[in-house]
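Accompanying notes for the structure given below.
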Amino acid sequence: MPVESNPDRSRFRLAGAMLLLLAAIGLAACAQADAKPVSAAPELTTLPPVRTSSPPAPTAAPTTTTTTTTTTTTTTTTTTLPPTTSLELVEVETIRGDISPKSVVATSDGLFFAQNMMYRHTVTVYNSDYELVATIPDTVDLTGEGTTHQGAPVEAVATSDGSHVYVSNYQMYGPGFGRAGGDGCDRGDWDESFVYRIDAESLEIDQIIAVGAVPKFLAITPDDDTLLVSNWCGFDLSVIDTAAGEEVTRVDLGRHPRGIAVTGNGETAFVAVMGSSDIAIVDLTTYDVDWIRGVGANPRHLILAPDDRHLYATLNGDNLVARIDLATATVVDRLRTGDAPRSMTMSDDGKSLYVVNYNSNTMTKVDAEEMEVLQTIPVADRPIGITFDDSSRQVWVASYSGTITVFAESATSQ
């Protein structure tokens, strides 16, 4: 059935369309009325310059390079040792055997050389464990023709690196020798003697050097270039060029020269002239001699303070130890340590002296600055030699009676 048209619906659609048209026109008019005119752009009074080159490239962000570094940290531990004056000597060992030591000397390599004179005709060598490592006979061939001669080892000195030890021989025995000097000798035509050099590695005599009559004490300059030997019956000092292994001169000093001390710069030697009361001052560049007079009876052994400002001397005839101010060349202190003080040694810190007293059978420790006795210790009969070992802070005492007694600086008994 056809759909029948409705005249009222058509009128409503027409009225709606007209209303929509009128609304659109009204909105357009309102929009035009609200719109404002656009003003012109403002005039620029300054223009930026025109670039004629490319602008600089932007600064690049910093490139960070990461480096991984492996750092090996070395820790150095510095141990400050207590002053020896605050410590006390304790006996740690007694060494015996076929020995009669006149002296004992420590090397920087931990060896100890004992010189046994003509009583044993040997040098005995010990390690830091007190073990005998070698007995070196004093037999040599002076002619190179197989002739046998013997010496009589008295004193010794080691080179700074410990590679060699020089040993003096009181006299020589064998063909061609028959007029030996003695302790009471005057100046005369005595047999001259020799110094042996011992290689500290092979522990054999590797050099023989001619010196004067009855050589006793030896000292070496800090550079190891010059060896000095006091010739007891020659009344003089042998000066030896160690590189050549030869004596270069002799310096006349007077009756019975013995102990020697050399300054740190190696330019001056002090020599105790035991047959007097004087100490010689020898210029090692010119060999001129000056004197410190009247220090006391029979100066025997000498030690310099580390700063070379004071000289210490044992006065065998006065039973004293003297302290000499070298700026004024005068004795400023004297101390009694025992009867017949003979040899001395000094501690690694320069604060303590150790003195053997031959007729008292004692060893005395002295405060070197205050010149006060810190300890007096009984030792074996006739103590005559002494040395201080820096690495162990031990004192070795040689006694003619046939022993070496070892003491250690210790805080355990304080």
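What the table below lists for this structure:
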item: Single condition R250 does not satisfy, out of (1) out of contact with any Lys or Arg (no Cβ under 9 Å at 6 or more places or on another chain); (2) open to solvent by less than 20 Å² (accessible area, probe 1.4 Å); result: (2)
item: Residue that is surrounded by the fewest Cβ atoms within 10 Å (Cβ to Cβ) [pool: residues in segment 396-414 that are modelled with pLDDT of 95 or more and of a type in the set (V, I, T)]; result: T403
item: Failed item, numbered, when I209 is tested on (1) in a loop (DSSP other than H, G, I, E, B); (2) surrounded by 12 or more Cβ atoms within 10 Å (Cβ to Cβ); result: (1)
item: Residue check, D290 open to solvent by 50 Å² or more (accessible area, probe 1.4 Å), in a loop (DSSP other than H, G, I, E, B) and either at pLDDT 95 or above or more than 17 Å from G259 (Cα to Cα) (or both); result: no
item: Residue list for segment 253-283, restricted to those being closer than 22 Å to P306 by Cα, of a type in the set (V, I, T) and open to solvent by less than 20 Å² (accessible area, probe 1.4 Å); result: I260, T263, V271, I279, V282
item: Residues of segment 152-203 satisfying the condition of being of a type in the set (A, V, I, L, M), in a loop (DSSP other than H, G, I, E, B) and touching a residue at least 40 places away in the same chain (Cβ under 8 Å); result: A200, L203
item: Breaking point among (1) without any contact (Cβ under 8 Å) to a residue 60 or more places away in the chain; (2) within 26 Å of the chain's Cα centre (by Cα), for P137; result: (2)
item: Selection count where residues are farther than 28 Å from L374 by Cβ, open to solvent by 10 Å² or more (accessible area, probe 1.4 Å) and assigned to a strand (DSSP E or B), scope segment 75-126; result: 1
item: Subset of segment 237-247 [open to solvent by 30 Å² or more (accessible area, probe 1.4 Å) and either assigned to a strand (DSSP E or B) or touching a residue at least 24 places away in the same chain (Cβ under 8 Å) (or both)]; result: D241, E246, E247
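The values are calculated or read from the model by the stated rules, or taken from the named source; none is laboratory data. Source: prediction; values computed, not measured. FYI the Cβ positions are ideal-geometry reconstructions off the backbone, even for glycines, and counts take in every protein chain you see. These area figures cover heavy atoms from the full protein model, side chains too; ligands, DNA and RNA do not enter into them. Shrake-Rupley method; radii C 1.70, N 1.55, O 1.52, S 1.80 Å.
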